[in-house]
Amino acid sequence: MVLWRKKPFVSPTAVITPSSPKIDLRPASPRAARGYASSPSCSIYSVCGDEAWISQEDMDHLRQLSEVHHPAPQNGDPYGKGVRLLPPGCKVGRLVGEGAANAVFELVLPDGSYLYHQTSRSLTYLSLADMRCAGLLLRVAKAPIDGDRPRFNYLQQYQYYCTHIKPILGSYILHQELVILRDANLIDPINDYLRAIDHQRDLKFRGTFIEPSEWGFLVEDMQPHGNNCDPSHPFEFSYPDLSLTISDPETTILVEFKPKWLSQSPNAPKNAIRCRQCAKELYSYIVDPQVGKPVPTKAKPCPLMIRNDASNPAFTDSVCRRVPSTDKRRKRLNSTLDVLRSEPAFKTLRLAQEANDHVGPLKADKKDAQFALAMTLRDCTCFAQVLTAPTQQQDSFKPLKIRFGDFDMKMPEFKLTYWRTIEEQLIKGGFYTADMIYCRGQFYRPPTKCYLERGRPTKPMEELEIIHLQEPHQKNEVDSLPPMMKSMTHSIHTDVDLMEKCLEHYKVRKPEGSQKD
């Protein structure tokens, strides 16, 4: 029998004032779980401490959260006030997004209403009338597939979120809370739904499904829904390959991207002309070529362009370059994104990354918890709501809201070898430093647009570094290169036929700065 205590569900517009700032671990009044079925509301579960369905490891995490985490922070913010318990009869809406380890869905309560959290934090750029409630989405873990590394469960993830991430990023963090799925019976319907739409999912996620679990996350919904704050309103249209989703095409869009390494890698060569992320994008593009794969200049914005420098529009260009040029809102969107990249939120994230990693992957220790934290901060996602047109309440170019999310814990004991291998390949393969790509007698300009490439001086031919593309079966031959360039050549084995097609638009007659024959 599950022992629980039910507290009334608080409406979206009410301010929650919890009586205790800790997760309630005291014994609850016994009551049969079947009594809960008649209530469509979402209650707060009080852990008794002897539930058979909660593993000892999970119980230990709950106790630690109770001891060290303040679920009700300052200014009346009710985050983390307890663990919500989803009632039977909940329904899952559409798939909002998915990754290798998790999937996010819309969630509807049995009475047709939605879960919300009160937006009581100070929102600098919103008028009082626009301080509306925010909806919550359901995030659940996928079942591991063969070859997957061990993962942290949601209890461990939430403890890490509360004790390591939230103290660093404060109000910039995407709201996230634990939820108990035990009585909701959602996993089978979710997997049935995923099977039904499997042919529509991203190729790399097809055939992956949700793992049975008692725990999930409720996460802040950053999708713009117009002025009525109603998550049931469908999107108008989207650019899925851009991570740009337009909900109210006349006013608001959600810009979603990964800031990645906001500073150069401590292990990067001193003469690097690309940051770590741009070098990694070039590496992935060349080593793993695919038909239709976006070139690095159109894949992700350069992280170093996110600078508090109003004179540099490069970040705006990088984020915006694939938005249709016929879009009448393009000029305003450019101005808004130019303001976005100067937001102090990115400085906070950058300083936290730098403070926790001074040595880089090549010198890091697998037991270094700070380095693991830095890598977690480098893999988060930025969600920003921005206006594409002025409204009665808001005529500023400043973003409506910025949040960082997707802070998955990293396991250095399993990941450090991979991180080191990638860093070594970026250095030895010339991806940080190469000026040109050479393939079957033809020179190409690397398809990158890194902040470090801007304004660099022209090199003489004998100083150019070259990435020489060769077939997988070929030896590292450089006979076809001019003699003076052989010592600065990095041989990379890949699908040369495909790379010739991918690099067609980047041909150059002679390397820039080369000497005349």
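Can you spot a residue in the range 73-96 that is modelled with pLDDT of 85 or more, assigned to a strand (DSSP E or B) and in contact with a Lys or Arg (Cβ under 7 Å, 6 or more places away or on another chain)? No, the conditions are met nowhere in the range 73-96. If only residues of the range 419-471 that are assigned to a loop (DSSP other than H, G, I, E, B) and in contact with a Cys (Cβ under 9 Å, 6 or more places away or on another chain) are counted, the one that is modelled with the lowest pLDDT is K449. Among the residues of the range 264-304, those identified as surrounded by fewer than 24 Cβ atoms within 10 Å (Cβ to Cβ), among the basic types (K, R) and assigned to a helix (DSSP H, G or I) are K280, K298.
So that you can scan it fast, the table gives a plain yes or no per residue for (1) assigned to a helix (DSSP H, G or I); (2) closer than 26 Å to C382 by Cα; (3) touching a strand residue (DSSP E or B) at 6+ places or on another chain (Cβ under 9 Å):
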| residue | (1), (2), (3) |
| --- | --- |
| I145 | no, no, no |
| F152 | no, yes, no |
| L155 | yes, yes, yes |
| Y160 | yes, yes, no |
| K166 | yes, yes, yes |
| V179 | no, yes, yes |
| D183 | no, no, yes |
| R195 | yes, no, no |
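When we screen Y161, Y154, Y172 for residues that are among the hydroxyl-bearing types (S, T, Y) and either over 22 Å from L115 (Cα atoms) or touching a helix residue (DSSP H, G or I) at 6+ places or on another chain (Cβ under 7 Å) (or both), the only hit is Y172.
The values are calculated or read from the model by the stated rules, or taken from the named source; none is laboratory data. From a predicted model like this one, the values you see are computed outputs, not experimental measurements. No Cβ is skipped: glycine too gets one built from the backbone with ideal geometry, and neighbour counts run over all protein chains shown.
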